[in-house]
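Shown below is the structure under consideration.
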Ligand code: NLE
Ligand code: FE2
């Protein structure tokens, strides 16, 4: 199993980073969190069966190299039910809460409540639309590896299902979040370009800058909103995949502010529940322009 080369050290014993030149240089094995050792506040913490199932699914991802066929899973009845519940309830809010690019995309994807989509199939759809690829991953990747993947139009995705007891909201990425939140938006070319720009910037970023870029990613790709005919609509995957968060965005009286990738971004955490502040784009054309300009400052470092 090929893994990325370990970092080299220079004479001062400082790490010298090797800038990845292809997706094959990116390690999908460094999992920071949300592996099967769930924390006490996780809805599946006491459910041994859930934990076992989840580590089994996560384990499959460890051996997948870029370009490999993604294993098809046979989802269990309670997993299909969780998917169905989430999809059916989200679909009630989408027409009024989701941006038009998302609505167009999800219409074409034609998800059904009785069939949990397979990563390999949505990967294929992305290949044919924006050219993005899906690579399965066991849990939360190191931010540098995750962001670097985006530079090579690769989206690292989980494959396990959230716990059946809480279909409306999970703090972590899971299959429902990836399939409903990320996949439809990633079929849109302007959006996909915007996402890739964050990835390109990450290739040349220092460790400190990686944390800043993670926040830029968080406040756009995960929790971004867009102005549409004077109404705020969701495009961030973390909003689109959670009934609770979508509703909160409209009725929870959060703050809204224009996105400025150069500015200091608010602290982000998986543990804080719904967002208190959302960042607004005027359009994806404008967003991709803005992020292109931003990432250019990093790309200028390239020798
Ligand atoms: N809260 C989201 C959901 O329930 O789908 C997941 C967010 C992952 C960053
Ligand atoms: Fe996500």
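The values are calculated or read from the model by the stated rules, or taken from the named source; none is laboratory data. Bear in mind that the values here come from a model prediction, so they are computed numbers and not experimental data. All Cβ positions, even for glycine, are placed from backbone atoms using ideal geometry, and neighbour counts span all protein chains on display.
Residue 200 versus (1) within 26 Å of residue 20 (Cβ to Cβ); (2) within 16 Å of ligand 1 (Cβ to nearest atom): which is the lone unmet condition?
(2)
Would you please list the contacts, defined by Cβ atoms under 8 Å and residues six or more apart or on different chains, that run from a residue in the stretch 89-101 that is farther than 17 Å from residue 232 by Cβ to a residue that is surrounded by fewer than 21 Cβ atoms within 10 Å (Cβ to Cβ) and modelled with pLDDT under 95?
Partner pairs satisfying both residue conditions: 89/168.
Follow-up. Out of everything in the stretch 264-274 that is surrounded by 12 or more Cβ atoms within 10 Å (Cβ to Cβ) and out of contact with any strand residue (DSSP E or B) (no Cβ under 9 Å at 6 or more places or on another chain), what residue ends up being modelled with the highest pLDDT?
Ranking the candidates gives 274 first.
Go through (1) under 14 Å from the mean Cα position of the chain (by Cα); (2) within 15 Å of ligand 1 (Cβ to nearest atom); (3) within 26 Å of residue 59 (Cα to Cα) for residue 185 and report which single condition fails.
Of (1) under 14 Å from the mean Cα position of the chain (by Cα); (2) within 15 Å of ligand 1 (Cβ to nearest atom); (3) within 26 Å of residue 59 (Cα to Cα), only one is false for residue 185: (3).
Any idea how many residues of the stretch 173-198 are assigned to a helix (DSSP H, G or I), within 14 Å of ligand 2 (Cβ to nearest atom) and out of contact with any strand residue (DSSP E or B) (no Cβ under 7 Å at 6 or more places or on another chain)?
12
If you don't mind, there's one more thing I want to ask. So residue 147 fits all but one of (1) under 27 Å from residue 43 (Cβ atoms); (2) touching a helix residue (DSSP H, G or I) at 6+ places or on another chain (Cβ under 7 Å); (3) touching a residue at least 40 places away in the same chain (Cβ under 8 Å); what number is the exception?
The failed condition is (1).
Related question: For residue 134, which of the numbered conditions (1) more than 18 Å from residue 56 (Cα to Cα); (2) not in a strand (DSSP E or B) fails to hold?
(2) is the only condition that residue 134 fails.
Over 20 Å from residue 285 (Cα atoms), buried (at least 21 other Cβ atoms within 10 Å of the Cβ), modelled with pLDDT of 95 or more and within 11 Å of ligand 2 (Cβ to nearest atom), is that true of residue 223?
no
Tell me whether the stretch 66-88 contains one or more residues that are at pLDDT 95 or above, on the phi < 0 side of the Ramachandran plot and within 16 Å of ligand 2 (Cβ to nearest atom).
yes
I'm told residue 127 meets every condition in (1) in a helix (DSSP H, G or I); (2) under 27 Å from residue 271 (Cβ atoms); (3) away from ligand 2 (no atom under 11 Å from the Cβ) except one. Can you identify the failing condition by its number?
Among (1) in a helix (DSSP H, G or I); (2) under 27 Å from residue 271 (Cβ atoms); (3) away from ligand 2 (no atom under 11 Å from the Cβ), the lone unmet condition for residue 127 is (2).
Here is a further query. Quick one: which strands (runs of 3 or more DSSP E) sit completely within the stretch 208-303 and have at least 2 residues that are over 18 Å from residue 188 (Cα atoms)? Please lay out each step first, then the result.
Values: elements: 225-228, 231-234, 255-258, 277-281.
Counting at least 2 such residues, we get 231-234, 255-258, 277-281.
Limited to the stretch 137-172, what total is found for residues that are near ligand 1 (Cβ under 10 Å from one of its atoms) and assigned to a loop (DSSP other than H, G, I, E, B)?
Total meeting the criteria: 9.
Just checking: which of the helices (runs of 4 or more DSSP H) contained wholly in the stretch 17-121 hold 1 or more residues that are surrounded by fewer than 13 Cβ atoms within 10 Å (Cβ to Cβ) and touching a helix residue (DSSP H, G or I) at 6+ places or on another chain (Cβ under 9 Å)?
The qualifying helices (runs of 4 or more DSSP H) are 77-97, 100-109.
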